[in-house]
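This report concerns only the one structure given below.
The values are calculated or read from the model by the stated rules, or taken from the named source; none is laboratory data. Since the model is a prediction, treat every value here as computed from it, not as a measurement. Cβ coordinates were reconstructed from backbone atoms using ideal geometry, including for glycine residues, and neighbour counts include every protein chain displayed. What goes into the accessible areas is simple: the full protein's heavy atoms, side chains included, and nothing from ligands, DNA or RNA. Shrake-Rupley method; radii C 1.70, N 1.55, O 1.52, S 1.80 Å.
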Amino acid sequence: MVVRPSWRPLACLAVAGVAVTALTGSGSGAAEAAPEPVADHVEVTTGGLPSVPAYRVAAPVVDGGVAVLDDIADYGAERVSGRAGLAGGVTAAFDLRRGAIGLAGEVTLDDPAAGVRVKAQVSGGVSRVADDTIRWSGLVEITRAGSRNLVLATITVVDRVLDAGNHAVTLRHAGQDRRAVVHVPAGRGGARGLPVLFHFPGLLETPAVAEQYDKLTPHADERGYLLVIPEHYGTGWQGVLGGPPVPDVDDPGFVRALAAEVHERFGGDPRRTYSSGMSNGGFFTSLTACVLTDVFAAFAPVSGQLNDPRGCAPARQIPIAMIHGDADPLVRYSTTAPAAAFWAAHNGCAPEPVATPLPDTDPDDGTTAVRHDYTGCAAGAPVVLFQVVGAGHAWPGGDPYPVPSLGIAGRDLDANEAIWDFVSRYTLPVS
């Protein structure tokens with residue numbers, strides 16, 4: 001569970017130790033308050049001196065905003081920037097960038113009504129209070145009535161309007177601290193109701209490694225969906241080949257909780273949320289098609305097909321597209337046959353697919369691609385297998401792993417495009 005500060009829909013300003021608060025109506029006959037709009041919040045509190053009264057402002061952002069973006073490699077804040085107009089005519093500007101000692105840069109606040117200017121030179125020491133909240137304490141320069149003094153201050157930013165870029169998410173589940181990165185697509189900061197694609201990294205992969213080889217975020221930016229890259233616990237996802245058997249961290253339960261967080265905090269569309277993954281993450285994607293059919297609308301495992309059909313009992317017929325290189329030396333292409341047969345039977349499809357060679361768009365990449373469509377499937381529950389001829393254990397359209405024996409990725413099939421083109425046509429049935 002993620003705990004965040006609770007902000008009320010009011011502006012609170014304290015000058016010279018005297019609090020001035022804008023209250024909403026109350027008492028009998030008062031109209032019910034409208035839902036609080038989603039807005040960033042900024043709080044600056046300074047200490048006082050005998051000749052310098054304490055100062056405090058805590059207010060929602062009503063114009064502009066403050067972006068808090070995170071590093072996909074270590075989940076730490078890498079940038080805090082923006083210009084924010086606060087309730088009460090206060091303005092605050094942030095320009096902090098990640099360096100060797102952490103976030104560094106300048107924060108300024110101007111309050112014309114109170115005749116106050118606060119200027120902070122930040123050099124490290126910024127802490128994360130919650131997923132959406134950062135805080136810094138230190139000496140600031142405060143100017144008041146023409147007099148400049150150094151006083152201690154605390155600056156807090158709550159980033160509730162999610163800006164385009166990477167955002168770290170932490171959850172406590174099954175006794176473990178779990179993490180993920182949510183990428184908000186370019187040009188869609190603050191948008192609600194976006195579709196969501198989960199990408200489950202492979203064995204030993206972190207979200208940063210998956211992004212490096214699979215080129216995930218540029219495609220999310222291009223097509224406008226929320227991209228979620230969870231981190232598995234230990235070496236891989238549990239309950240499938242390669243995943244550690246202990247401790248039991250309830251990976252399906254973690255994913256369910258993470259999806260709820262993405263829907264609530266990031267405004268993802270619960271009916272347009274999809275599952276994909278590579279290798280051990282592909283096996284886990286296949287497992288989600290067995291046990292999380294009320295969370296994901298459609299599924300697309302890559303190089304990791306359902307390895308135990310006997311233990312799979314989906315609650316509904318599901319759309320699924322499988323992608324696999326037929327020269328994969330690690331997870332053999334032959335493993336696609338029993339998986340495809342299971343999904344075809346479950347979805348009421350004909351047992352034999354129709355093969356369609358795809359255009360050889362890159363004759364020099366050493367691969368081609370064939371699409372196998374199972375016909376006669378139940379409405380809204382197709383089964384498709386993309387065979388990448390000549391490709392190895394790699395994400396098609398991405399970069400091959402730096403292990404030559406795992407084979408090539410190829411350019412004729414772009415897995416990101418094939419996955420999104422398939423899954424985005426489906427919505428979760430209304431229960």
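Odds and ends about this structure:
- Average projected area [Cα convex hull, region 58-195], square nanometres: 9.9
- Using the Karplus relation 6.51 cos²θ - 1.76 cosθ + 1.60 with θ = phi - 60°, the per-residue 3J(HN,Hα) values for region 398-409 come to x, 9, x, 5, x, 10, x, 5, 7, x, 9, 8 Hz, with x marking Gly and Pro.
- Estimated FRET transfer efficiency (residue 209, residue 337; beta-carbon r; R0 45 Å; 0.05): 0.95
- Amide H contacts for residue 173 (H built 1.01 Å from N in the peptide plane; partners 5 or more residues away or on another chain; cut-off under 5 Å): 178.
- Subtracting the Cα-Cα distance of residue 108 and residue 150 from 0.36 nm times their residue separation leaves 13.7 nm of extension gain.
- Per-peptide average of other Cβ atoms within 10 Å, ordering 316-329, 246-259 highest first: 316-329, 246-259
- Amide H contacts under 5 Å for residue 428: 272, 273, restricted to partners 5 or more places along the chain or on a different chain, H placed in the peptide plane at 1.01 Å from N.
- Reduced Cα scattering model of the chain, Debye log10 I(q)/I(0), q = 0.10 Å⁻¹: -0.75
- Computed from backbone phi, the HN-Hα couplings of region 222-234 come to 5, 9, x, 10, 6, 9, 10, 10, x, 9, 6, 8, x Hz, rounded to whole numbers (Karplus: 6.51 cos²θ - 1.76 cosθ + 1.60, θ = phi - 60°; Gly and Pro given as x).
- Packing-based order for 337-348, 46-57, using average beta carbon neighbours within 10 Å, highest first: 337-348, 46-57
- Centroid-to-centroid, using Cα positions, region 308-366 and region 188-266 are 22 Å apart.
- In nm, spacing of pseudo-spin labels at residue 51 and residue 425 (7 Å Cα→C-beta vector): 7.6
- Per residue, in Å², the accessible surface of region 328-369 once ligands and nucleic acids are set aside, probe 1.4 Å: 55
- For region 320-396, carbon and sulfur atoms together expose 61% of the accessible surface, with a 1.4 angstrom probe and every protein chain in place.
- Quotient of Cα Rg and 2.2 N^0.38 Å for region 272-376, N being how many residues it contains: 1.08
- For the chain, the longest principal axis of the alpha carbon atoms and the long axis of helix 251-265 meet at an angle near 50°.
- DSSP-assigned coil residues among chymotrypsin sites (Phe, Trp or Tyr not before Pro) in region 373-431, each with at most 12 further Cβ atoms within 10 Å: none
- Once all protein chains are placed together, residue 170 keeps about 60 Å² accessible to a 1.4 angstrom probe.
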